[in-house]
1. Name the helices (runs of 4 or more DSSP H) wholly within segment A:33-105 that hold at least 1 residues that are over 25 Å from A:ALA180 (Cα atoms), among the acidic types (Asp, Glu) and more than 16 Å from DNA strand D (Cβ to nearest atom)?
2. Please work out which residue is nearest to the other protein chains (Cβ to nearest Cβ), limiting yourself to segment B:49-69 and to residues that are of a type in the set (Val, Ile, Thr) and within 16 Å of DNA strand C (Cβ to nearest atom).
3. Checking the conditions here, which among A:ALA146, A:ALA179 is of a type in the set (Gly, Ala, Ser), under 20 Å from the mean Cα position of the chain (by Cα) and either in the same structural domain as A:LYS81 (by TED's automatic domain parsing) or not in a helix (DSSP H, G or I) (or both)?
4. Answer yes or no as to whether A:ILE16 is modelled with pLDDT under 95 and either surrounded by fewer than 17 Cβ atoms within 10 Å (Cβ to Cβ) or hydroxyl-bearing (Ser, Thr, Tyr) (or both).
5. Go through (1) under 12 Å from the mean Cα position of the chain (by Cα); (2) over 25 Å from A:TYR199 (Cα atoms); (3) more than 16 Å from DNA strand C (Cβ to nearest atom); (4) more than 14 Å from chain B (Cβ to nearest Cβ) one by one and return the number of the condition A:HIS119 breaks.
6. I'd like to know if segment B:153-164 contains one or more residues that are out of contact with any His (no Cβ under 7 Å at 6 or more places or on another chain), within 12 Å of chain A (Cβ to nearest Cβ) and small (Gly, Ala, Ser).
7. Being assigned to a loop (DSSP other than H, G, I, E, B), crowded, with 22+ Cβ neighbours inside 10 Å and among the hydrophobic types (A, V, I, L, M, F, W, C) is the filter here, so list the residues in segment B:153-174 that pass it.
8. Taking segment B:29-68, which residues are touching a residue at least 60 places away in the same chain (Cβ under 8 Å) and in the same structural domain as B:VAL129 (by TED's automatic domain parsing)?
2 protein chains.
Amino acid sequence: MNKSGRAGGNTSSGTISREQILATAEDVFRRFGPTKTTVMDVARALGISHGSVYRYFDSKIALRNAVVEIWLQRFSGKLEKAGAVPGPARQRLRFWFDTLRRLKTAEYRRETELFATYHELVQDSQPVVSAYYDVLILQLENIITAGIDNGEFQNCDPRTTACAMLDATTLFHHPWHAAAWHGKEIDDEFERVWTLVMYGLLCA
Amino acid sequence: MNKSGRAGGNTSSGTISREQILATAEDVFRRFGPTKTTVMDVARALGISHGSVYRYFDSKIALRNAVVEIWLQRFSGKLEKAGAVPGPARQRLRFWFDTLRRLKTAEYRRETELFATYHELVQDSQPVVSAYYDVLILQLENIITAGIDNGEFQNCDPRTTACAMLDATTLFHHPWHAAAWHGKEIDDEFERVWTLVMYGLLCA
DNA sequence: CTAATGACAGATTACATTAATTGTCAATAC
DNA sequence: GTATTGACAATTAATGTAATCTGTCATTAG
């Protein structure tokens, strides 16, 4: 494994930026994984000394968290779009959850290393993750509110319901259960839970 | 740590039984945890040689699984009683889930080592665990059937619904999430999910 | 003839030693 | 003056070795 290849390189200017470091760090983390990667690896890829990294990030963990934060923001950005499609709230809700599941499953396979780190962060309940969950809940809340407004759903507290829906579908999006997402039954299991929850929403 | 104390001892007869080994193994596992405990520890506690253990169990893992199986059976036995209380199915269902949560939380605190092993078995999706889940689903199924029969719940497939309810409450009973069971919000979270699911059952 | 033992080879784990990494900071470059 | 460097102490990880454990089986005891 060659760890000395310059990924981006600090070719242009004499001074480095936080963004440059972040971009390169994401690259390197994706290759080797945040645990195997050293700060010196990131610095080497940029053609700078590892000391310079510490001018922009307090610690390796801060750097790691910043990378995962960007990764999660990109993630919730895609979901935002999925929730914004036109149509009845019921369909939007379903499409949102389908997208959530599809994205998580895909990222789990593709970006194994970053997914594992997200996994770790969830364990330690880092602020990065709770901010991400807040965004998801807000997106859900908006769809539910729309559904109540146009009479599709019974009147209920949108925030409470959004939380309940996320909690009830834990099995299908929480990284702990990622190993189960490849099984054949997982789609059926989701369908069952979805049916139960939908009835709850429609006839509350 | 004194590992040489005889817990049960092979005092009576000259021949040892599978049950004696199991009982002592559970004791020793509880003290030191299944990872730290050696087969020789178990044999020493019984006053026999470690070779004799292999006459009754193929491997250390087989012994460990047998202990966890007993532990889980005792667990589902208690739940069986909780589901058998008289009253409307809705209350029985709630009591069953409350008991499930209470027992899991208690075992998580008290029997840390065995709980961790159960945790491991869940990861490896060992047959021991799926058998245990089958029992739980059957218990739920019975309550739901009773609820349909007396008109409390809408007509639905009891098995499908039982699975859906277990899946939807993953966050509250799956060992992966044990760390979250001490938080203050967990009861509120359960209440929210329960409300959603109950509406689903009542008005499907 | 069955139950139990304990010596043994192969596999695993624990430990101490060695190497590398993190994060700091005085010195250097621009 | 600000940005960057690289030597450094403290911490963390990797390595190799000694000790322990697992599982087998020929032998002994009843």
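The values are calculated or read from the model by the stated rules, or taken from the named source; none is laboratory data. A quick note: this is a predicted structure, and the numbers were derived from the prediction, not measured. Glycine gets a Cβ as well: all are built from the backbone with ideal geometry, and neighbour counts include every protein chain shown.
1. Of the helices (runs of 4 or more DSSP H) lying wholly inside segment A:33-105, those with at least 1 residues that are over 25 Å from A:ALA180 (Cα atoms), among the acidic types (Asp, Glu) and more than 16 Å from DNA strand D (Cβ to nearest atom) span A:60-83.
2. Looking only at segment B:49-69, we keep the residues that are of a type in the set (Val, Ile, Thr), and these are B:53, B:61, B:67-68.
Keeping just the survivors that are within 16 Å of DNA strand C (Cβ to nearest atom) gives B:53, B:61.
Numbers: B:VAL53: 32, B:ILE61: 20 Å.
By that ranking, first place goes to B:ILE61.
3. Details: A:ALA146 fails: under 20 Å from the mean Cα position of the chain (by Cα).
Result: A:ALA179 is the single residue among A:ALA146, A:ALA179 that is of a type in the set (Gly, Ala, Ser), under 20 Å from the mean Cα position of the chain (by Cα) and either in the same structural domain as A:LYS81 (by TED's automatic domain parsing) or not in a helix (DSSP H, G or I) (or both).
4. Working: modelled with pLDDT under 95: yes; either surrounded by fewer than 17 Cβ atoms within 10 Å (Cβ to Cβ) or hydroxyl-bearing (Ser, Thr, Tyr) (or both): no.
No: the conditions fail for A:ILE16.
5. (4)
6. Checking segment B:153-164: at least one residue is out of contact with any His (no Cβ under 7 Å at 6 or more places or on another chain), within 12 Å of chain A (Cβ to nearest Cβ) and small (Gly, Ala, Ser).
7. From segment B:153-174, those assigned to a loop (DSSP other than H, G, I, E, B) are B:153-157, B:169, B:174; that's our starting set.
Filter once more, keeping what is crowded, with 22+ Cβ neighbours inside 10 Å: B:153, B:169.
Matches in segment B:153-174: B:PHE153 only.
8. Correct list: B:ASN65, B:VAL68.
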